[in-house]
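Some notes on the structure that comes next.
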Amino acid sequence: MNATADERMEKLKVLLVDDEKGYAEVLAKRMALRGIAVSVALSGTEAIRMLRGEQFDAAVLDLKLEDMDGIEILKIFKKMDPAMPVIMVTGHGSETAARQGMEFGAFDYLMKPCNLNVLMEKIRQACHR
Amino acid sequence: MENAQYYRSLSRNLVSIVIVVSFTPLLLIAALIGYSFETSYKGKSIAYLKETVKRNQQNIDVFLSEKLDYLKVLSRSYTFEELTDEKFLARKLAILQDAYGGVFVDLGVVNSQGIQVAYAGMFKLERADYSKAEWFKTAMKRTHFISDVFLGLRRSPHFIVSIKHNWRGEDYILRATVDFVQFNSLVENVRIGETGHAFIMNRAGEFQTKVGPETEANREFYMALLQKNGLKWEDGGLDAVSGVPSFTYSYWDSPYKEIILTGEGRRGGDDFVYIMTPLKSGEWVLVFQQDKSDAFRDLRRARFLALAILLLGGASIAVTAILVSRKMVSRIEMSDREKEMMNEQVIETGKLASVGELAAGIAHEINNPVAIMVEEAGWIEDLLRDETQMEASKLEEVKRALTQINTQGERCKEITHKLLSFARRTDPRVVEVNINEVLEEILSISEQRSKFSNVKLEKNLDPDLPHIMASPSELQQVFLNLINNSLDAIGTGGGTITVTSRLADDRLVVDVADTGTGMPKAILARIFEPFFTTKPVGKGTGLGLAICYGIIKKMGGDITVNSAVGVGTTMHVYLPVPKGAVP
């Protein structure tokens with residue numbers, strides 16, 4: 001990976017929804033380094049609030065949140081901004097929920113903890129369809 | 001063995017309940033029917049005997065009164081002079097003997113002084129003096145008289161029939177001697193069955209007919225009876241006081257016709273029945289006696305038959321009760337055991353499930369910190385990318401350390417994934433399964449343990465196998481169990497476990513072969529039995545293979561086993577392939 005490639009990419013705005021603060025923050029920093037403007041939401045309610053005020057190119061959604069069910073949030077996202085691709089992140093063993101999410105219009109899903117490069121690749125795919 | 005005792009007492013209770021319930025009515029009915037049958041049969045038998053005795057009583061009375069009648073006719077028809085003419089008397093005797101065949105032995109006329117003034121017969125009894133004779137004294141008091149049997153002057157048993165008649169103011173007696181043999185045959189002919197016979201006694205208990213020694217021995221018994229009942233008969237029996245004819249030769253007018261005594265006696269171990277009726281106005285009694293066993297022969301036979309049926313029926317009831325109870329109890333025992341086994345199975349599954357849940361929880365919790373660590377390491381890597389100040393060798397070392405963190409993070413991830421997939425194994429949902437994936441997973445879980453036991457795990461998996469419909473967690477349980485058993489069989493000495501998957505005859509076969517100790521036939525026959533284990537107490541539940549067997553059977557498959565002592569064991573698991581899935 002090199003910086004020039006990242007710069008060629010237009011600045012993508014991504015909403016990262018994950019209630020594990022440490023993880024979300026470091027992921028956001030690393031993604032920012034790769035030219036993506038990341039907004040972190042630590043809960044479902046916060047994510048919905050942020051999406052109301054702003055528009056994002058894509059969302060990365062952890063399906064296991066403390067306040068809301070991931071699939072419910074996905075449905076709300078799809079209602080608020082049907083064009084925005086959503087990449088789901090799930091724990092091992094919750095493939096059923098992920099598969100359900102695909103039926104509700106999610107772009108794809110990744111197993112947690114996910115490799116950053118793979119995540120970046122998915123985001124690029126989602127935004128340049 | 002508290003359980004065995006419980007089932008034994010259960011069986012005993014069942015047997016006794018069945019026996020009591022079925023025997024009580026049986027015995028009651030048998031007793032009731034037996035009693036009423038016996039009573040009515042005895043009543044009928046006695047009634048028949050009574051009838052016979054009555055008939056004979058009548059015969060004998062008629063016989064006696066007949067003899068009396070002839071004398072009466074003679075005395076009324078002829079004068080004293082005519083009767084005392086011995087030639088005339090002999091002629092009359094000849095006529096009587098001709099008509100009645102020797103019943104009349106002789107004829108005689110005795111005057112009031114007791115001197116026989118005329119005699120016709122075979123004995124030389126002319127001018128015989130009867131004034132002292134007991135019969136003469138009695139005869140003079142009555143209009144007619146029949147004596148007891150006695151020896152008399154001729155010294156042979158006979159009895160006298162006499163009529164008192166008055167001729168010109170003076171009484172005389174016309175008498176005849178009746179042949180004892182003829183009279184006796186009258187009574188002797190009364191025979192019923194083998195032991196039923198009749199005899200005559202006078203009121204003093206002297207036999208008036210010939211009797212056998214056995215009857216002779218019963219004399220005392222009948223004497224006592226006569227004394228007890230004799231008073232009744234005395235009243236009208238003699239006419240000595242009243243002077244009216246004592247002997248009514250019409251039986252039907254007799255006041256005694258209803259006097260029939262029946263009863264039972266016992267002598268020398270033989271029970272007998274007797275029937276007694278008065279003769280000769282109660283001076284004599286006609287006795288009929290028969291052994292009970294003879295008289296009630298049919299009753300005895302019926303009783304014996306009933307007893308045999310009762311015994312046979314009872315025996316069959318008892319046998320049936322025992323067999324049925326045993327069968328029932330063994331069924332109950334079996335179902336109890338099954339229930340117990342199910343309970344154990346449920347507990348076992350529950351334990352596995354809770355362990356699984358715990359593991360899943362831990363794995364999940366570890367996932368996040370590991371992910372953060374890996375990402376932070378990645379962040380450091382990102383930051384170091386543009387680092388120029390740091391010494392090159394140091395930079396390399398830091399990068400190596402970061403790679404190591406990444407690698408170890410990956411390892412953690414793998415471990416948690418394995419744990420999580422194991423945790424899901426209690427899920428019985430049937431989905432499409434690639435058997436090779438299940439086997440790979442199990443092999444990787446078992447790797448650590450096999451390394452410890454110095455066992456080589458070999459796999460020989462056919463990549464072109466069709467998918468099957470099964471619950472992955474159940475399949476995991478089965479194969480994990482089989483591999484664990486193989487590891488146990490090999491022990492710590494080292495060996496090889498080979499897992500093969502293949503397709504044979506439209507069925508999917510998984511072979512788990514080990515080079516362990518193998519099993520002898522006796523053990524081989526029982527390995528799928530629940531609670532059968534060769535492991536020491538506390539080490540094995542004896543449920544592993546039984547559960548495996550249950551799971552595979554439920555899926556429509558089968559498990560078979562080949563084993564040779566010292567060579568090893570191979571388990572074959574056959575799994576059904578959905579129709580159309582076979583390539």
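Comparison of B:10, B:71, B:26 shows that the only residue that is in contact with a strand residue (DSSP E or B) (Cβ under 7 Å, 6 or more places away or on another chain) and either modelled with pLDDT of 90 or more or not aromatic (Phe, Trp, Tyr) (or both) is B:71.
Residues are listed down the side, and each one gets a yes or a no for (1) open to solvent by 10 Å² or more (accessible area, probe 1.4 Å); (2) under 60 Å from the mean Cα position of the chain (by Cα):
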residue	(1), (2)
B:162	no, no
B:171	yes, no
B:174	no, no
B:184	no, yes
B:194	yes, yes
B:205	no, yes
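If you go through segment B:147-170 and keep only what is out of contact with any Leu (no Cβ under 8 Å at 6 or more places or on another chain), free of Cβ contacts under 8 Å to residues at least 24 places away in the same chain and farther than 16 Å from residue B:108 by Cβ, you end up with B:151, B:155, B:166, B:169. Among the residues of segment B:110-141, which ones are farther than 23 Å from residue B:157 by Cβ and open to solvent by less than 10 Å² (accessible area, probe 1.4 Å)? Hit for segment B:110-141 is B:118, nothing else.
The number of residues in segment A:32-47 being open to solvent by less than 20 Å² (accessible area, probe 1.4 Å) and more than 10 Å from chain B (Cβ to nearest Cβ) comes to 5. Among the conditions (1) loosely packed, with under 12 Cβ neighbours inside 10 Å; (2) within 13 Å of another protein chain (Cβ to nearest Cβ); (3) modelled with pLDDT of 85 or more, the only one that residue B:396 does not satisfy is (2). Where strands (runs of 3 or more DSSP E) sit wholly within segment A:52-111, none has at least 3 residues that are within 14 Å of chain B (Cβ to nearest Cβ) and closer than 18 Å to residue A:126 by Cβ. Of all residues in segment B:528-546, none satisfies being open to solvent by 30 Å² or more (accessible area, probe 1.4 Å), modelled with pLDDT of 85 or more and either in contact with a helix residue (DSSP H, G or I) (Cβ under 8 Å, 6 or more places away or on another chain) or not in a helix (DSSP H, G or I) (or both).
Residues in segment B:399-417 that are within 14 Å of another protein chain (Cβ to nearest Cβ), of a type outside the set (Val, Ile, Thr) and under 12 Å from residue B:377 (Cβ atoms): B:402, B:406, B:408, B:409, B:410.
Selection of segment B:458-506 for residues being surrounded by fewer than 17 Cβ atoms within 10 Å (Cβ to Cβ) and of a type in the set (D, E, K, R) yields B:458, B:459, B:462, B:464, B:502, B:505, B:506. Among the aromatic types (Phe, Trp, Tyr), under 30 Å from residue B:337 (Cα atoms) and surrounded by fewer than 15 Cβ atoms within 10 Å (Cβ to Cβ) - does that describe any residue in segment B:1-16? Scanning segment B:1-16 turns up at least one residue that is among the aromatic types (Phe, Trp, Tyr), under 30 Å from residue B:337 (Cα atoms) and surrounded by fewer than 15 Cβ atoms within 10 Å (Cβ to Cβ).
Can you find, within segment A:112-129, the residue that is farthest from the other protein chains (Cβ to nearest Cβ) among those that are assigned to a loop (DSSP other than H, G, I, E, B) and open to solvent by less than 70 Å² (accessible area, probe 1.4 Å)? Only one residue fits best here, namely A:114. Scanning segment B:361-391 for residues that are of a type in the set (S, T, N, Q) and either open to solvent by less than 20 Å² (accessible area, probe 1.4 Å) or in contact (Cβ under 8 Å) with a residue 40 or more places away in the chain (or both) gives a single hit, B:367. Considering each residue of segment B:417-434 in turn, none proves to be modelled with pLDDT of 90 or more and of a type in the set (A, V, I, L, M). When you scan segment B:7-27, do you find a residue that is in a helix (DSSP H, G or I), under 30 Å from residue B:322 (Cβ atoms) and charged (D, E, K, R), even just one? So far as segment B:7-27 goes, yes, one or more of its residues are in a helix (DSSP H, G or I), under 30 Å from residue B:322 (Cβ atoms) and charged (D, E, K, R).
The values are calculated or read from the model by the stated rules, or taken from the named source; none is laboratory data. Keep in mind the model is a prediction, meaning the values are calculated, not measured. Because the Cβ atoms are built from the backbone with ideal geometry, glycine has one as well, and the counts that use them run over all protein chains shown. When the accessible area is computed, the model is the full protein with side chains, heavy atoms only, and any ligands, DNA or RNA have been set aside. Shrake-Rupley method; radii C 1.70, N 1.55, O 1.52, S 1.80 Å.
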